[in-house]
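**Q** Here it is: the structure, laid out below.
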Amino acid sequence: MNIQEPSNQKNPVNIPQGDSIVLKLKDIFYLCISKWYWFLLSLAIALTAGYYYIKTTPPVYQRSIAILIKSKESANEPILEEMGFTNTPSNLTNEMELLKTGPIAYEIARRLDLNVEYIRQGRFHDDVLYGIEAPVKISFLSLPEYETASLHLKLDKDGEITLYDLSDKEQTFNDKITVAFNDTVDTPLGNIVVTPSASYKLGKTADLTIRHSNINNIIGRIQSKISPSLRKKNSTIIDINYKDVSRARAEDILNTLVGVYNENWIKDRNIKTQNTDKFIKDRLAFIEDELGNVEQNISAWKSRNLMLDVGAAGSFAQSQINEAERDLQELNNQIYMTKYIKEYLEDGKHEHQLLPVNSGITNSSIESLIKQYNDKLLIRNNHLANSSAQNPLVRDLDEDLEVLRGSISQSLDYELAMLQSKSNVIKSRQGVAVSRVATNPEKAQQLLSEERQQKVKEQLYLYLLEKREENELSQAFGAYNNQFIESPHGSNNPVEPETGRVWMICFATGLFFPAFIIFATEMLNTKVRGKNDLKSLSAPYAGDIPLHEPKKKNLVEKFKKKEIVEIPKVLVAEKKRDVINEAFRVIRTNVEFILGFDSHHKVIMLTSLTPGSGKTFISVNLATAFAIRDKKVLLIDLDLRKGSLSQYLDNPSKGISNYLSGQVVDFRELIKPLGKLDMLPCGTLPPNPAELLFTPRFQEMMVQVREEYDYIFLDCPPVEVVADASIISSYADLTLFVIRIGNMERDNLYEVEEWYQNRKFGKLAVLLNGIKQGSSRYGYHKYGYHKYGYHYGN
């Protein structure tokens, strides 16, 4: 802060950028420290709210289970693979989604009767009783699963049960029904049976609220709480978590979840074997009939032609024929099965049925396509069971199945063409061998044809019998595709509400809100906040005055009809070393330094921009600070529109206004002592103060008091309200411009800087009023005292 006297040369006005002042973190910190009680109250409220939340929120516990999804069925897997059985590794993502499906959740809710809840009123929150925790079990025999209802149950010591406040979704019934254990009773909610639980003992009492919920709501709740996840990225171990207010219920739900999942998996797996078994049985019955007909034809032919063996005619040629026949029979089997599967695929009757597996087709590509087709068809049927054919996922799967059907059909055509080509080659070779036995009778050829058909049917029949046994063996070896790794377990401490997190949030909230309010208030504060706001002014800084708050009136005086008029007191006195006295002594020293050592510089004018800045309080105490140094000091009340300074003398009826208007000849007659200084009061409030200040009497008085006193203090009205201060400034050697924290807008500092640079008030210095003790260094506060209630008018 520059306190050097400016030169006489006028400088262009350099307006300070007062609005650019930004709060620093250090300033915010000290602001918060000064409002410590706000934080204490906010923390108390936030922590109380957190305590209430913790107490009123039912504790939620977590239970976990771990299962291993097997990639191999068992130790017998190599044997089964030799028989032609293969097991597709499970898709872990699909398996985790299956665990959360609606049918599984429904089965859990149905088996554990989860749509009926038993609630006991607690001190802070209601407790849910599950299993043996509830002394009774109630069954709603007539109430559908999708209906909601509730009732209150009261159990007396003698075992008498009273049902009351029965209600459904439409109305509440006022009936009170007394029932006994195991009796079926007719109620507005249908037939109800109350049975004792395993924990019930005679003499036990209970008052419960029982709710029957819509099964769909329970299914949704179970699905939302089941949380499966992979233990590690490349592992097949799935951890399943479940949160519930009842630890026992969470454990039962997890156990039932795995049980239902295994049952569904075995059921889906058996669908394949059942369809294959049906196919094999149908074909065995058909071939058995054909084989019987062939055997009858051979027997009739031999009886009719009296021929038992035709091989003796050409054993060598026959051996070649037999070799060709064996090859041809094998090809005929493959051609037959290929044609049947193609017909089975394209007849339109089996569009959504599984294709036979292990059918004897040696083409591995076709077998792989059939396996993919069956897997996708199972997935499609599972989704269709939980939704409709319009489900986008079902429609996508139908499109995939259509593509696979086309691929399988095309592959079968290629396979038939290849098999037919092989058959033609073998038949050609066989014809050469047959030509060698041309001597055999034509009837022998007929016998050979019938015997060949018999062998084909016999081999096909035996082949299907073998496949049937393999299929039944596959079904018998069926095992779960998962294994328990960890049974349901978990901590007995609740996971919700998270006590530590709640306390942390409440503590942070308790600190944040008052800090935010303080920061927002200060950012929106456009008033002068402290010394930092004055750093951009070029005018000398005379000092600052700490905030002084006078004692409040007692309640008796406050509520009297007539307000008690108190005479203000001067705070500065000899031998007093309080903060106020020390502040005025510092200002006194600064003022002497600004005035210099010229004895002619002795008139000090005090003014401000707006009322309420405390200039009258500063005038009388600063003048007293000079007077206690044995200086002859005169204090003049030139606020001819208010006369606030004259209150220190109990508002004398005559003063300077009477002198200036010519009612009093000598102003010395009007001077009154005030402690160690002299004071010239205002006197009668004139209607024309500005005209009086222009009179020659005022100029003459100022010349005379300069000769008679060491220092003259002029208490003037604010410059923003009237022009009196501008008139008086021509007589002043120094103008102390009082700026009070929280009273003057920071934008008005532009005007103060302009007045200083343009010498409007001669030698001008600023004085800051209202600094809170202990915070003057940073000075960002809004405080006030001594309301300056100006009422100007003609």
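**Q** Residue pairs, Cβ under 9 Å, 6 or more apart or interchain, first in the stretch 254-273 and open to solvent by less than 40 Å² (accessible area, probe 1.4 Å), second part of a helix (DSSP H, G or I) and modelled with pLDDT under 80. List them.
**A** Between residues of the stretch 254-273 that are open to solvent by less than 40 Å² (accessible area, probe 1.4 Å) and residues that are part of a helix (DSSP H, G or I) and modelled with pLDDT under 80, the close pairs are 270/475; 273/471; 273/472; 273/474; 273/475.
**Q** Considering only the stretch 710-731, state which residues are within 30 Å of residue 743 (Cβ to Cβ), open to solvent by 10 Å² or more (accessible area, probe 1.4 Å) and in a loop (DSSP other than H, G, I, E, B). Steps first, answer last, please.
**A** We begin by selecting, within the stretch 710-731, every residue within 30 Å of residue 743 (Cβ to Cβ); these are 711-731.
If we keep only those that are open to solvent by 10 Å² or more (accessible area, probe 1.4 Å) as well, we get 711, 719-723, 726-727, 729-731.
Result: 719, 720, 721, 722, 723.
Per-residue answers, yes or no, for (1) closer than 20 Å to residue 584 by Cα; (2) buried (at least 16 other Cβ atoms within 10 Å of the Cβ):
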{"position": "625", "(1), (2)": "yes, yes"}
{"position": "637", "(1), (2)": "yes, yes"}
{"position": "643", "(1), (2)": "no, yes"}
{"position": "653", "(1), (2)": "no, no"}
{"position": "656", "(1), (2)": "no, yes"}
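**Q** Which of the residues belonging to the stretch 32-65 are aliphatic (A, V, I, L, M) and either in contact with a Gly (Cβ under 9 Å, 6 or more places away or on another chain) or outside any strand (DSSP E or B) (or both)?
**A** We begin by selecting, within the stretch 32-65, every residue aliphatic (A, V, I, L, M); these are 33, 40-41, 43-47, 49, 54, 60, 65.
Result: 33, 40, 41, 43, 44, 45, 46, 47, 49, 54.
**Q** Residues being out of contact with any Lys or Arg (no Cβ under 8 Å at 6 or more places or on another chain) and either closer than 17 Å to residue 740 by Cα or not β-branched (Val, Ile, Thr) (or both): count how many of those fall in the stretch 602-628.
**A** Restricting attention to the stretch 602-628, the residues satisfying the condition of being out of contact with any Lys or Arg (no Cβ under 8 Å at 6 or more places or on another chain) are 604-605, 609-611, 615-621, 623.
Filter once more, keeping what is either closer than 17 Å to residue 740 by Cα or not β-branched (Val, Ile, Thr) (or both): 605, 609-611, 615-621, 623.
Number satisfying all stated conditions: 12.
**Q** Quick check on the stretch 745-768. Is at least one of its residues at pLDDT below 85, under 30 Å from residue 519 (Cβ atoms) and either open to solvent by 40 Å² or more (accessible area, probe 1.4 Å) or not in a strand (DSSP E or B) (or both)?
**A** No.
**Q** A further question follows. Within the stretch 548-561, identify whether any single residue is modelled with pLDDT under 90, over 60 Å from the mean Cα position of the chain (by Cα) and either open to solvent by 10 Å² or more (accessible area, probe 1.4 Å) or within 30 Å of residue 751 (Cβ to Cβ) (or both), and answer yes or no.
**A** Keep residues of the stretch 548-561 that are modelled with pLDDT under 90, which gives 548-561.
Keeping just the survivors that are over 60 Å from the mean Cα position of the chain (by Cα) gives none.
The answer is no, given that none of the residues of the stretch 548-561 is modelled with pLDDT under 90, over 60 Å from the mean Cα position of the chain (by Cα) and either open to solvent by 10 Å² or more (accessible area, probe 1.4 Å) or within 30 Å of residue 751 (Cβ to Cβ) (or both).
**Q** Let me ask something else. Do you know which of the residues in the stretch 382-397 that are of a type in the set (S, T, N, Q) and not in a loop (DSSP other than H, G, I, E, B) is farthest from residue 466 (Cα to Cα)? Working first, answer last.
**A** Filtering the stretch 382-397 for residues of a type in the set (S, T, N, Q) gives 382, 386-388, 390-391.
Remaining after also requiring not in a loop (DSSP other than H, G, I, E, B): 382, 386.
Values: 382: 31, 386: 37 Å.
Checking each candidate, the answer is 386.
**Q** Go over the candidates 411, 435 one by one and state the one that is modelled with pLDDT of 75 or more and either exposed (fewer than 15 other Cβ atoms within 10 Å of the Cβ) or farther than 30 Å from residue 260 by Cβ (or both). Walk me through how you get there before you give the answer.
**A** On the way: 435 fails: modelled with pLDDT of 75 or more.
Answer to the check: 411.
**Q** While we're on this one: Just to verify a result, which residue in the stretch 566-582, among those that are open to solvent by 50 Å² or more (accessible area, probe 1.4 Å) and outside any loop (DSSP other than H, G, I, E, B), is nearest to residue 546 (Cα to Cα)?
**A** 579
**Q** Moving on to the next point. All but one of (1) surrounded by 13 or more Cβ atoms within 10 Å (Cβ to Cβ); (2) not in a strand (DSSP E or B) hold for residue 201; state the number of the condition that does not hold.
**A** (1)
**Q** Test residue 697 against the stated conditions and say whether it is basic (Lys, Arg), within 23 Å of residue 624 (Cβ to Cβ) and either open to solvent by 50 Å² or more (accessible area, probe 1.4 Å) or modelled with pLDDT under 90 (or both). Explain how you work it out, then say what you get.
**A** Details: basic (Lys, Arg): yes; within 23 Å of residue 624 (Cβ to Cβ): no; either open to solvent by 50 Å² or more (accessible area, probe 1.4 Å) or modelled with pLDDT under 90 (or both): yes.
No, not satisfied.
**Q** Tell me which residues, restricted to the stretch 502-547, are closer than 30 Å to residue 758 by Cβ, open to solvent by 20 Å² or more (accessible area, probe 1.4 Å) and part of a helix (DSSP H, G or I).
**A** Selection gives 531, 532.
**Q** Here is a follow-up. What number of residues within the stretch 504-546 are hydrophobic (A, V, I, L, M, F, W, C) and in contact with a helix residue (DSSP H, G or I) (Cβ under 8 Å, 6 or more places away or on another chain)?
**A** Step one: of the stretch 504-546, the residues hydrophobic (A, V, I, L, M, F, W, C) are 504-508, 511-513, 515-520, 523-524, 528, 534, 537, 539, 542, 545.
Narrowing the set further to residues that are in contact with a helix residue (DSSP H, G or I) (Cβ under 8 Å, 6 or more places away or on another chain) leaves 505-507, 511, 513, 515, 517-519, 528, 534, 537, 539, 542, 545.
Adding up the residues that qualify gives 15.
**Q** For the stretch 66-174, give me every one of the strands (runs of 3 or more DSSP E) that falls completely inside it and has 3 or more residues that are at pLDDT 85 or above and among the β-branched types (Val, Ile, Thr).
**A** Details: elements: 116-120, 127-129, 136-140, 149-155, 161-168.
Output list is empty.
**Q** State whether one or more residues within the stretch 213-227 are out of contact with any helix residue (DSSP H, G or I) (no Cβ under 8 Å at 6 or more places or on another chain) and of a type in the set (A, V, I, L, M, F, W, C).
**A** Scanning the stretch 213-227, I find no residue that is out of contact with any helix residue (DSSP H, G or I) (no Cβ under 8 Å at 6 or more places or on another chain) and of a type in the set (A, V, I, L, M, F, W, C), so the answer is no.
**Q** I'd like the full set of residues that are without any contact (Cβ under 8 Å) to a residue 60 or more places away in the chain and of a type in the set (D, E, K, R), limited to the stretch 705-739.
**A** Once the filter is applied, which keeps residues that are without any contact (Cβ under 8 Å) to a residue 60 or more places away in the chain and of a type in the set (D, E, K, R), the stretch 705-739 yields only 707.
**Q** Pick from 40, 23: which is modelled with pLDDT of 85 or more and of a type in the set (A, V, I, L, M, F, W, C)? Spell out the reasoning first.
**A** Values: 23 fails: modelled with pLDDT of 85 or more.
Exactly one residue qualifies, and that residue is 40.
**Q** Continuing with the same structure: Within the stretch 214-237, how many residues are open to solvent by less than 70 Å² (accessible area, probe 1.4 Å), under 24 Å from the mean Cα position of the chain (by Cα), of a type outside the set (D, E, K, R) and farther than 14 Å from residue 146 by Cα?
**A** Qualifying residue count for the region: 6.
**Q** Okay, moving on. What number of residues within the stretch 361-381 satisfy the criterion of being open to solvent by 50 Å² or more (accessible area, probe 1.4 Å) and assigned to a helix (DSSP H, G or I)?
**A** Total meeting the criteria: 8.
The values are calculated or read from the model by the stated rules, or taken from the named source; none is laboratory data. Please read all numbers here as calculations on a predicted model, not as lab measurements. Positions of Cβ are generated from backbone atoms using ideal geometry, with glycine treated the same way; all protein chains shown enter the neighbour counts. Just the protein is used for accessible areas: all its heavy atoms, side chains included, with ligands, DNA and RNA removed. Shrake-Rupley method; radii C 1.70, N 1.55, O 1.52, S 1.80 Å.
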